[in-house]
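The values are calculated or read from the model by the stated rules, or taken from the named source; none is laboratory data. It should be emphasised that the depicted structure is a prediction, and the values quoted were computed from it without experimental measurement. Virtual Cβ from ideal backbone geometry, glycine too; neighbours counted across all protein chains shown. When the accessible area is computed, the model is the full protein with side chains, heavy atoms only, and any ligands, DNA or RNA have been set aside. Shrake-Rupley method; radii C 1.70, N 1.55, O 1.52, S 1.80 Å.
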Amino acid sequence: MSVCPSCEEPLEESDRFCGACGYDLSSAPHASAPDGRAEPVTAPAAQEPPAWPAAQETDSSDTPAPVHLPTDLEGIESAGGEAPARPDGAPDPRTATPEQLEAATPPAGTRLCVACRAGQVDPDGYCENCGHAQPRERDHMEQELDAVAAVSDRGLRHHRNEDAFVISSAALPDGSPAVVAVVCDGVSSATRPDAASLAATRAADESLHESLPRGTHPQQALHEAILVAAEAVNALAQEPATAREHQPHQNAPACTLVASIVTRDLLVVGWVGDSRAYWVPDDRSATAARLTEDDSWAAQMVAAGLMSEAEAYADERAHAITGWLGADAYELEPHTASFKPDRPGVVVVCTDGLWNYAESAQEMAGAVPGDAAARPLHAAQVLTGHALDGGGHDNVTVAVLPFPGTRQGAGSA
């Protein structure tokens, strides 16, 4: 060979490798030319790749060119170029007609699985496609009206949310509104505490909407509403005898309750148990106050002068409640109180899942955002986050009711 078959560099007779490209000359095939000289044999041409459609250029508006789908080339998809079927049986949105997509769309109000996003959720709360258990609706709830907002969260340690709330607005006889918030905490040691709290909040709210428009004084109306709520919880204990035989160790459903009514110039609170209401003025230089007294072992020890507040609440029996709504309550004594604040502020109505992390009125005022009166839902969200950041050991429920300012000099009723 006189030249390298790879790079056509001139060669010497004694060369075994090309000095330019290193080609192994001993392995190169030879062919005879008509004049008897050896000629290099060229390698076969490489196979041409399949030709993809050329992408369109962008126009003057910088709109990107359309993306080519695999179906634009034959043989790319299986089954002769058809798009494969989806595992959930839904039509492929790339190739389906509008009629097929509309037929596959579930009806309005259908709950889709949070895991596979394809199967529908059955009445028991499980996905019909993958079997995944769905989050309970009460695990986290938020609601906002014009003058009140509330948030309830399961917390970080409980397997379900046993709290409940209702917020609403009723019209007084003079046409002015009365804003209502009812918060209940199910007693975990009782049977069906979540059902008890839900029944109590709904019954109390319905009672208030019947009595307030008739002209019943808000404090009296709230006292009657608590009694109605207690009857609703008591009714849950009226189970068939056979049910009690199968579960003799279970006791009656029970819950605590705290509620507030805010009118144009009056603030009313009512409670049974250890859920609380706080007053937080917009002017944080003014004094915040706790508006309720717990029905608890610790509160009784302090009231009797047997222990200081710090000692009582440090005791392991501190949160044992002495008052609740339920068929096995010792004696129902609804507490109510009314106030006429002389400045604007907010009423914070909450379960112990929140106040355990902001127990004193000063601590609660420090946790409430400064714009709570203007943004009650944001304030409720911040307070819920405060409890979760503190550990979230219990269910957390809080309602925030802004109170409009009244004339200076008004005192407590």
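Quick notes
- Filter pass, Ser152 being closer than 26 Å to Ala252 by Cβ and surrounded by 14 or more Cβ atoms within 10 Å (Cβ to Cβ): yes
- Contacts under 8 angstrom Cβ, first residue in the range 171-182 being assigned to a strand (DSSP E or B), partner of a type in the set (Val, Ile, Thr) and open to solvent by 20 Å² or more (accessible area, probe 1.4 Å), 6 or more apart: Val180/Val166; Ala181/Val166; Val182/Val166
- The lone criterion from (1) assigned to a helix (DSSP H, G or I); (2) touching a helix residue (DSSP H, G or I) at 6+ places or on another chain (Cβ under 6 Å); (3) without any contact (Cβ under 8 Å) to a residue 24 or more places away in the chain left unmet by Met307 is number (1).
- Note on the range 329-341: residues that are open to solvent by less than 40 Å² (accessible area, probe 1.4 Å) and more than 29 Å from Arg192 (Cβ to Cβ) amount to 3.
- Taken together, the residues in the range 169-206 that are closer than 19 Å to Ala399 by Cβ, surrounded by fewer than 23 Cβ atoms within 10 Å (Cβ to Cβ) and among the hydroxyl-bearing types (Ser, Thr, Tyr) amount to 1.
- The condition of being in a strand (DSSP E or B), more than 25 Å from Leu227 (Cβ to Cβ) and touching a Gly at 6+ places or on another chain (Cβ under 8 Å) holds for only one of Val258, Val280, Val346, that being Val280.
- Output for the range 369-393, where each listed residue is touching a Phe, Trp or Tyr at 6+ places or on another chain (Cβ under 8 Å) and surrounded by 24 or more Cβ atoms within 10 Å (Cβ to Cβ): Ala387
- Exactly one residue among Leu306, Leu377, Leu325 is closer than 30 Å to Leu236 by Cβ and not small (Gly, Ala, Ser), and that residue is Leu325.
- Listed by first and then second residue, the pairs linking a residue in the range 312-329 that is among the aromatic types (Phe, Trp, Tyr) to a residue that is surrounded by 20 or more Cβ atoms within 10 Å (Cβ to Cβ), with Cβ atoms under 7 Å apart and 6 or more places separating them unless they lie on different chains, are Tyr313/Ala298; Trp324/Val187; Trp324/Ala254; Trp324/Cys255; Trp324/Thr256; Trp324/Val272; Trp324/Gly273.
- Positions within the range 117-149 being in contact (Cβ under 8 Å) with a residue 12 or more places away in the chain, in contact with an Asp or Glu (Cβ under 8 Å, 6 or more places away or on another chain), open to solvent by less than 70 Å² (accessible area, probe 1.4 Å) and more than 25 Å from Asp185 (Cβ to Cβ), in sequence order: Ala118, Gly119, Val121
- Among the residues making up the range 309-327, those that are at pLDDT below 90 and among the small types (Gly, Ala, Ser) are Ala310, Ala312, Ala314, Ala318.
- Test for Val302: is it outside any loop (DSSP other than H, G, I, E, B) and modelled with pLDDT of 95 or more: no
- Enumeration of residues in the range 280-295 that are open to solvent by less than 30 Å² (accessible area, probe 1.4 Å) and either touching a residue at least 60 places away in the same chain (Cβ under 8 Å) or touching a His at 6+ places or on another chain (Cβ under 6 Å) (or both): Val280, Pro281, Ala288
- Among residues of the range 310-328, those that are open to solvent by 30 Å² or more (accessible area, probe 1.4 Å) and not in a strand (DSSP E or B), counted: 13
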